[in-house]
Each structure stands twice: as C-alpha cells, then as structure tokens.
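Everything below concerns the one structure shown next.
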Amino acid sequence: KSEGRFLILYKDYLDVAIYAPGRKITVIGEIKGIKKLPLGEIQYTYPFLEAKKIHLWELRPERVDIYHYWFTYPNYPLWYGPPYWYWP
C-alpha cells in the first residue's frame with residue numbers, strides 16, 4: 001500500500017515495461033527537496049529524491065492456501081484416536 005507519492009531522479013534509463021505500475025522497488029538516495037506539481041485539480045507537494053541505487057523486487061506468484069474443512073478418518077494425523085486420545 002502506498003504511503004504517498006514522490007519523485008525520483010535517476011541517472012540511468014529505466015524501462016517503463018520493466019518498472020511498471022504496481023512493481024515494488026526500494027530506493028537508496030538523498031532527499032533533494034520538494035516540488036509542487038499539478039495532480040488533477042490541486043497542486044500536490046512531492047518529496048524529490050536523487051536515487052543512488054534502485055532495487056526492483058521479483059514478481060511473486062499469488063499465494064493460495066487451500067484448507068479442507070472436511071476430513072475423513074484416514075486423513076487425520078496419528079494423534080487422533082486411540083491410544084493418544086481419550087477413547088471410552
């Protein structure tokens with residue numbers, strides 16, 4: 001989740017197909033000041049950074065946890081049933 005908007009100045013070329021919206025990056029650099037630019041109908045104040053290094057994080061597949069809410073007896077772990085459980 002974004003905590004806001006900012007501008008980054010980087011000396012090398014960054015391909016827009018690789019550094020696409022939604023990709024996660026980490027930037028190391030210096031804050032050089034602020035810039036006011038239009039954002040829709042308002043003037044927005046952006047922190048302005050001069051990047052020394054940019055790290056592009058790998059795309060990770062979405063994790064899907066599958067939980068089966070029904071279990072038959074053979075699927076239970078060994079500690080369910082005698083002698084590990086109270087059994088009348």
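The values are calculated or read from the model by the stated rules, or taken from the named source; none is laboratory data. The structure presented is a predicted model; accordingly, all values stated were derived computationally and were not measured. Note that each Cβ is placed from the backbone with ideal geometry, even for glycine, and that neighbours are counted across all protein chains shown.
In region 1-25, which residues are acidic (Asp, Glu) and over 17 Å from the mean Cα position of the chain (by Cα)? Walk me through how you get there before you give the answer.
At the first step, the residues of region 1-25 found to be acidic (Asp, Glu) are 3, 12, 15.
Within region 1-25, Asp12, Asp15 meet the criteria.
Could you figure out which of (1) on the phi > 0 side of the Ramachandran plot; (2) modelled with pLDDT under 75; (3) loosely packed, with under 10 Cβ neighbours inside 10 Å isn't true of Gly4?
The single condition Gly4 does not satisfy is (2).
Using beta carbons and a limit of 6 Å, which pairs, at least six apart or on different chains, have the first residue in region 10-26 and charged (D, E, K, R) and the second one part of a loop (DSSP other than H, G, I, E, B)?
So the pair list comes out as Lys24/Trp57.
Quick test for you: out of Phe71, Phe48, pick the one residue that is assigned to a loop (DSSP other than H, G, I, E, B), at pLDDT below 95 and either out of contact with any Ser or Thr (no Cβ under 6 Å at 6 or more places or on another chain) or surrounded by 11 or more Cβ atoms within 10 Å (Cβ to Cβ) (or both).
On the way: Phe48 fails: assigned to a loop (DSSP other than H, G, I, E, B).
Of Phe71, Phe48, the one residue that is assigned to a loop (DSSP other than H, G, I, E, B), at pLDDT below 95 and either out of contact with any Ser or Thr (no Cβ under 6 Å at 6 or more places or on another chain) or surrounded by 11 or more Cβ atoms within 10 Å (Cβ to Cβ) (or both) is Phe71.
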